[in-house]
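Asks: This is the structure I want to talk about, given as structure tokens.
The values are calculated or read from the model by the stated rules, or taken from the named source; none is laboratory data. Just so you know, these numbers come straight off a predicted model, no measurement behind them. Positions of Cβ are backbone-derived with ideal geometry, glycine not excepted, and every protein chain shown enters the neighbour counts. In case anyone asks, the SASA skips ligands and DNA or RNA and just uses the protein heavy atoms, side chains included. Shrake-Rupley method; radii C 1.70, N 1.55, O 1.52, S 1.80 Å.
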Amino acid sequence: MDKMTLIPTVNGQEIPNLVPSELRLDQPSVDMSSAERFLERCTALILEEAVKRATNRSEKVCEWVSPQQLQQLLDLDLGDTGESEEELLQRCRDVIKYSVKTVHPHFFNQLFCGLEPYSLAASFIIEALKPSIYTYEVAPVFTVMEKVVLKKIIEVIGWEDGDGIFNAGGSLSNMYAINLARFHYCPEIKELGMSASPRLVLFTSQNSHYSIVKSAAFLGIGTKNVYMVPCDERGKMIPGALEEMILKAKKEGAQPFMVNATAGSTVLGAFDPIEQIADICEKYDLWLHVDACWGGAVILSKKHKHLLQGIHRANSVAWNPHKMMMACLQCCAFVVRDQKHLLERCYSAKARYLFQQDKFYDVTFDTGDKSIQCGRKPDAFKLWLLWKALGSNRLEQRVERALAMAHYLTQQIKDRQEFQLFMEPEYTNVCFWYVPPSLRNVPVGPEFWNKLHKVAPVIKERMIKKGSLMVGYQPHGDKANFFRMVIISPQVTSEDMDFVLDEIHCLGQDL
Ligand SMILES: *Cc1c(COP(=O)(O)O)cnc(C)c1O
């Protein structure tokens with residue numbers, strides 16, 4: 001056999017001197033003992049600054065600096081020579097200092113927050129082990145663990161069996177759902193592409209997450225083929241309106257294929273009536289996906305699971321344990337009721353360098369071809385360790401406490417004249433306006449709403465610059481900007497709820 005067939009070349013020239021003499025190949029070129037020392041010191045720093053200080057109420061939630069200032073402050077340019085251990089530790093300290101402390105008890109800005117120690121430990125272990133969960137060969141523990149966690153989720157949803165995968169984001173889970181539904185009705189599309197597809201239309205409520213529309217754009221369905229079903233005054237999809245829109249689409253010659261029901265909408269925390277929507281899906285043979293990214297956690301609460309009534313009739317469900325369950329980012333489960341390898345049939349590309357069929361073990365444990373990714377993190381571990389630590393009972397308590405806390409806050413808002421509730425919450429989203437004293441005697445009308453609309457953005461700016469609190473605000477439909485509090489973390493107490501209202505009042509009373 002000719003040994004010299006493939007010599008590396010550049011522009012047809014052989015590359016000279018691939019092993020220059022100054023490179024020592026007979027010993028490692030990194031010093032592991034200094035690497036270990038750096039990690040030890042950095043771990044102590046993380047514990048001190050990103051855990052203890054970041055969760056301390058007397059510390060700031062954020063350290064506001066403008067983007068221009070921040071870029072100068074941090075000296076971000078990457079140079080030719082490396083820096084010392086001391087300099088690097090200082091860099092890490094600065095990164096923590098200027099980052100928002102989403103684990104702080106006064107961070108309420110997003111649907112994730114708070115410190116979850118078990119999940120954090122799982123994240124550390126994952127990063128240290130650096131596995132990629134596509135084959136059993138390279139991630140044996142995490143492969144069998146993901147199966148167990150998915151199975152548990154399938155069980156609590158109420159399905160006999162099913163399949164699933166953890167994804168890098170709930171948005172991605174929703175995208176999987178749309179693509180799977182499409183593949184279910186038009187399997188030819190995998191090979192033939194869009195030309196094999198009629199005009200497909202999907203239905204989702206006006207209050208659904210924007211990832212549905214994004215996915216329709218990404219998947220070539222088209223944003224105009226996402227029919228936005230109106231909601232009632234509580235933000236829930238109106239089933240009658242859904243049915244009308246399905247009939248309208250059919251009349252247009254389009255093919256309806258899927259309905260997305262939202263369980264816990266992002267702003268209002270509204271739950272679409274799944275049972276009634278499932279009836280309609282059955283009647284018209286449509287795929288029912290439930291986006292329970294935010295609200296899925298109520299399934300663990302006997303007291304509140306009625307909000308998800310009918311979820312067992314869904315074809316697929318997206319749930320983000322990194323939200324209400326407080327698993328570390330990201331932890332997003334996507335499950336399907338199908339038991340006929342739909343995920344695999346839809347996504348597999350059978351890469352022969354990973355998924356060899358002649359391996360010495362049971363290759364059905366190589367789950368990577370169910371994913372549109374290649375490498376994937378073992379996110380299920382972040383939920384698994386937490387679940388092991390607390391058990392279903394304490395997870396249930398956690399959810400119920402968060403809802404009770406939302407109820408407490410709602411009462412406080414009702415009791416204070418400078419606050420006005422947007423609507424009675426169903427979940428832990430508590431939406432409200434702050435009405436400054438100057439507006440108290442303005443009659444409710446266009447002028448009042450125009451002025452009120454400008455209040456929340458100013459208070460938000462002030463709270464961030466002060467670093468005392470972070471709460472989101474938004475307009476909704478034709479409604480003026482209002483605050484949206486979300487309660488998740490078991491760290492927070494009723495005193496923190498009082499603090500939020502006191503602080504907003506303190507920051508906005510002169511407006
Ligand atoms: C947060 C959220 C999503 C998106 O999840 P990501 O993990 O942020 O992509 C989808 N749907 C709803 C209802 C959400 O609240």
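Asks: So what is the accessible area of segment 32-155 per residue, in Å², with the probe set to 1.4 Å?
Replies: Accessible area per residue: 61 Å².
Asks: Right, something else. If you count, for each residue, the other Cβ atoms within 10 Å and average over each peptide, how do 17-27, 68-78 line up from highest to lowest?
Replies: Descending mean neighbour count gives 68-78, 17-27.
Asks: Bin width 10 Å, origin at 0, all Cα-Cα pairs of segment 132-377: what percent of pairs per bin?
Replies: Final binned percentages: 7, 32, 36, 19, 5, 0.
Asks: Charges at C-beta only: +1 for Lys and Arg, -1 for Asp and Glu. How large is the resulting dipole of the chain about its Cα centre, in Debye rounded to 20?
Replies: So the magnitude is around 1180 debye.
Asks: Roughly to the nearest percent, how much of the accessible area of segment 223-272 is carbon and sulfur, given a 1.4 Å probe?
Replies: 56
Asks: Same structure, new question: Quick check: at a probe of 1.4 Å, how many percent of the accessible area of segment 293-356 sits on carbon and sulfur atoms?
Replies: Answer for segment 293-356: carbon and sulfur cover 52 percent of the accessible area.
Asks: Which order do the peptides 116-126, 432-442, 358-368, 330-340 take when ranked by the mean count of other beta-carbon atoms within 10 Å per residue, highest first?
Replies: Most protected by this proxy first, the peptides run 330-340, 116-126, 432-442, 358-368.
Asks: Ignoring ligands, DNA and RNA, what accessible area per residue does segment 389-508 give at 1.4 Å, in Å²?
Replies: Result: 42 Å² of accessible area for each residue.
Asks: Of 238, 165, which has the most accessible area with a 1.4 Å probe, and how do the rest follow in descending order?
Replies: Highest to lowest solvent-accessible surface, that is 238, 165.
Asks: Find which of 269, 245, 165 sits farthest along the positive direction of the dipole of the chain, computed with +1 on the beta-carbon of Lys and Arg, -1 on that of Asp and Glu, about the Cα centre.
Replies: The listed residue farthest towards the positive side: 245.
Asks: Which value in nm describes the separation of the simple spin-label points at residue 138 and residue 389, placed 7 Å from the Cα toward the beta carbon?
Replies: Result: 2.8 nm between the two label points.
Asks: Can you tell me the FRET efficiency between residue 57 and residue 420 if r is taken as the Cβ-Cβ distance and R0 is 30 Å, rounded to the nearest 0.05?
Replies: Computed FRET efficiency for residue 57 and residue 420: 0.65.
Asks: Sorting check: for 499-505, 255-261, 82-88, which peptide has the highest mean count of neighbouring beta carbons within 10 Å, and how do the rest follow?
Replies: Most protected by this proxy first, the peptides run 255-261, 499-505, 82-88.
Asks: Right, here's the next one. Just read off the accessible area of residue 209 with the full protein assembly in place, 1.4 Å probe, to the nearest 10 Å².
Replies: Spelled out: residue 209, probe radius 1.4 Å, area about 40 Å².
Asks: Could you tell me which of rounded, prolate or oblate describes the chain, using a ≥ b ≥ c as the square roots of the eigenvalues of the alpha-carbon gyration tensor, with rounded for a/c under 1.5 and, failing that, prolate when a/b is larger than b/c and oblate otherwise?
Replies: oblate
Asks: Rounded to the nearest percent, how much of the accessible area of segment 389-508 (1.4 Å probe, protein heavy atoms only) is carbon and sulfur?
Replies: Roughly 51 percent, rounded to a whole number.
Asks: Need one value: the accessible area of residue 134 in square angstrom, 1.4 angstrom probe, rounded to the nearest 10.
Replies: Residue 134 exposes around 50 Å² with every protein chain in place.
Asks: Also, I was wondering about something else. Give the ranking of 144, 61 by solvent-accessible surface, highest area first, calculated with a 1.4 Å probe.
Replies: Largest accessible area first, the residues go 144, 61.
Asks: Now for a separate question. Is there a quick way to get the dipole size of segment 60-184? I mean about its Cα centre, with the Cβ of Lys and Arg at +1 and of Asp and Glu at -1; what is the value in debye to the nearest 20?
Replies: Charge dipole, segment 60-184, about its Cα centre: 540 debye, nearest 20.
Asks: Skip the ligands, DNA and RNA, and give the accessible area per residue of segment 317-383 with a 1.4 Å probe, whole Å².
Replies: Accessible area per residue, segment 317-383: 46 Å².
Asks: In terms of Cα to Cα distance under 17 Å, which lysines are near enough to residue 97, apart from those fewer than 8 places away along the same chain?
Replies: The reachable lysines, counting only those whose Cα sits under 17 Å from residue 97, are 52, 60, 465, 466.
Asks: Here is a further query. Show which lysines lie in cross-link reach of residue 250 when reach means a straight Cα distance below 25 angstrom and same-chain residues fewer than eight apart are skipped.
Replies: Filter leaves 190, 214, 224, 236, 283.
Asks: Please identify the DSSP H helices in the chain that span no less than 30 Å along the helix axis (Cα) and have a mean Kyte-Doolittle hydropathy of -1.0 or more.
Replies: The answer, listed by residue number, is 380-415.
Asks: Could you work out how far apart the two model spin labels at residue 279 and residue 360 are, taking each label as a point 7 Å from the Cα in the direction of the beta carbon, and quote it in nm?
Replies: Label at residue 279, label at residue 360, 5.9 nm between them.
Asks: Would you compute, from DSSP H runs of 4+ residues alone, the mean residue ellipticity of the chain at 222 nm, taking -39500 (n - 2.57) per run and dividing by the full residue count, rounded to the nearest 500?
Replies: Estimated from H runs of four or more residues: -12000 deg cm²/dmol.
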